[in-house]
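The values are calculated or read from the model by the stated rules, or taken from the named source; none is laboratory data. Keep in mind it's a predicted model, so treat the numbers as computed, not measured. Cβ atoms come from the backbone with ideal geometry, glycine included; neighbour counts cover every protein chain shown.
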Amino acid sequence: MGQAGAQAGLMSLKEVVAQTGIPAATIRYYDQQFEEYLGITRGAGRRRMFDPGSLKRLTELRRLLKDEGLSIRQARKLLSQDGNGISAAGQIESLRAEVQALRAKVTSLEEQVARLKDIQGRTLALVDGLTNR
């Protein structure tokens, strides 16, 4: 374990990357977006230092964003509601349903775009046929 890890159980960013496999740039981004939730402390030179709690919160955040497929906005909403009487499982299920509904909407829009492109192609072919007589 590095020098930082020896200090009261704190881990450096490099050690967290090695342990979790989460890229350093991703951790920095999560820290910017979820600074209050993650509660990462700063060491000398404002270096990020992770205690067991901040490491656990980081891995939970990664799970929500990657495994559960939540957006940053959805994760913020979920994490800000934590402890207000709504179960996390219920919130996650609600957000999953929202993600599914949005995916269905995207699929529908993609189908509409394909139909419009087909109509456009046929229209251009007709116009070309009329102008090349």
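Could you list, in sequence order, all residues of the range 45-69 that are surrounded by fewer than 16 Cβ atoms within 10 Å (Cβ to Cβ), in contact with a Ser or Thr (Cβ under 9 Å, 6 or more places away or on another chain) and within 30 Å of A101 (Cβ to Cβ)?
Selection gives T59 alone.
Taking A24, is it surrounded by fewer than 15 Cβ atoms within 10 Å (Cβ to Cβ) and modelled with pLDDT of 90 or more?
Taking the combined requirement at face value, the residue satisfies it.
Can you tell me which residue is farthest from E68 (Cα to Cα) among those in the range 89-126 that are of a type in the set (D, E, K, R) and within 29 Å of the chain's Cα centre (by Cα)?
For the range 89-126, the residue satisfying everything is E111.
Looking at (1) in contact with a Ser or Thr (Cβ under 9 Å, 6 or more places away or on another chain); (2) modelled with pLDDT of 90 or more; (3) aliphatic (A, V, I, L, M), which is the only condition L116 fails?
Checking L116 against (1) in contact with a Ser or Thr (Cβ under 9 Å, 6 or more places away or on another chain); (2) modelled with pLDDT of 90 or more; (3) aliphatic (A, V, I, L, M), the one that fails is (1).
Looking at (1) closer than 30 Å to M11 by Cα; (2) at pLDDT 90 or above; (3) surrounded by 10 or more Cβ atoms within 10 Å (Cβ to Cβ), can you tell me which one Q74 breaks?
(2)
Counting only residues that are farther than 16 Å from G39 by Cα and either modelled with pLDDT of 95 or more or touching a helix residue (DSSP H, G or I) at 6+ places or on another chain (Cβ under 6 Å) (or both), how many does the range 3-13 have?
Qualifying residue count, the range 3-13: 1.
With the structure loaded, tell me whether G45 is modelled with pLDDT under 90 and in contact with a helix residue (DSSP H, G or I) (Cβ under 7 Å, 6 or more places away or on another chain) or whether it fails that test. Break it down stepwise before answering.
On the way: modelled with pLDDT under 90: yes; in contact with a helix residue (DSSP H, G or I) (Cβ under 7 Å, 6 or more places away or on another chain): no.
In short, no.
So, in the range 40-74, of the ones that are among the small types (G, A, S) and within 22 Å of I92 (Cα to Cα), which residue ends up farthest from the chain's Cα centre (by Cα)? Steps first, please.
Let us first name the residues in the range 40-74 that are among the small types (G, A, S), namely 43-45, 53-54, 69, 71.
Still in the running and within 22 Å of I92 (Cα to Cα): 53-54, 69, 71.
On the way: G53: 20, S54: 18, G69: 7, S71: 5 Å.
Checking each candidate, the answer is G53.
Tally time: how many residues in the range 30-75 are part of a loop (DSSP other than H, G, I, E, B) and in contact with a strand residue (DSSP E or B) (Cβ under 9 Å, 6 or more places away or on another chain)?
Matching residues across the range 30-75 total 4.
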